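In what follows, a structure is listed as structure tokens, so that the remarks can point back to it.
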Amino acid sequence: MKKRSKEERRIGRGKRLILLSLSTALIVFGLWFSTTNASTFLKGYLLYKADSAIDSAQAEPAVEEPEAKSTGKTLKPKALYQEKPVEGDNIGDLYIPKLEATLPIIHGTDEEELEKGVGHFAGSVLPGEDDNSVLSGHRDTVFRELGEVGKGDLLVVTTEAGKFTYKVRQVRIVDEDDRTVIVPKPRATLTVSTCYPFDFVGYAPDRYILVADLISSE
């Protein structure tokens, strides 16, 4: 058997050293890659690219819609009432099916108006309009039996603008100074108020409130 020369042995040792170094480097890199966020980043990047390719393949071509021609005019909703009433005007009737009662509605809530019927708070919208329309009356005259009306009952208001049917959503007992009764509402609402308790002797300290939502207009 022919012996290898010193030069061959030196080259062989060099190759083994190189292979050992490469193996060690690969092992170290593998350990680093698996114990850091690099592997997670690479997986995420590959998944992102794959998903993007699928989305691009499945995406339908966008269809451009023709642009609407602007007339330069702003359309305003038609007003229910052509003219606003003045205090003292009879603006309609309030019909309460539960009581089989029809009551006149007078614009204004001073004593002069309340003596004639149900007063409409002039600072609120008219019946049928969006927002909060507020009616009030005396517990010993027009609203003597209002305590029998509760949640789910109907209130029907008829004015020159039409017939508006409301359904009672809430019954409240509040202090006489509670101003939440007349605050604006996000939808057409009818708020009906009278003094409470009904059988109280003298000036009643509270208010009986019906809050009703508009359910139909004719």
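Near Val211, within a Cβ-to-Cβ distance under 11 Å, what is the net charge of the other residues, with Lys and Arg +1 and Asp and Glu -1? Walk me through the numbers before you get to the answer.
On the way: positive: Lys151, Lys167, Arg169, Arg172, Lys185; negative: Asp213.
Cβ neighbours under 11 Å give a net charge of +4.
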(request) Please sort by residue number the GluC sites (Glu not before Pro) in segment 78-111 whose DSSP state is loop and whose Cβ has at most 14 other Cβ atoms within 10 Å. (result) Glu83, Glu87, Glu100
(request) Take the Cβ-Cβ distance between Lys84 and Asp175 as r, set R0 to 22 Å, and report the resulting FRET efficiency rounded to the nearest 0.05. (result) 0.10
(message) Quick check: pseudo-label points 7 Å beyond the Cα along Cα→Cβ at Glu100 and Glu115, how many nm apart are they?
(response) 3.1 nm
(request) From zero up to wherever the largest Cα-Cα distance of segment 89-217 sits, split into 10 Å bins and tell me the percent of pairs in each. (result) 14, 50, 33, 3
(request) Go through segment 71-153 and name the trypsin sites (Lys or Arg not before Pro) that are in a DSSP coil and have 13 or fewer other Cβ atoms within 10 Å of their Cβ. (result) Lys73, Lys78, Lys151
(message) Restricting to Cα pairs below 8 Å that are 6+ residues apart, what does the relative contact order work out to for segment 89-217? Please round to a whole percent.
(response) 24 percent
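Bear in mind these aren't lab numbers, they're just calculated from the coordinates by the rules spelled out. Everything quoted here is computed from the prediction, not taken from an experiment. Cβ sites come from the backbone with ideal geometry, for glycine too, and all protein chains shown count toward neighbours.
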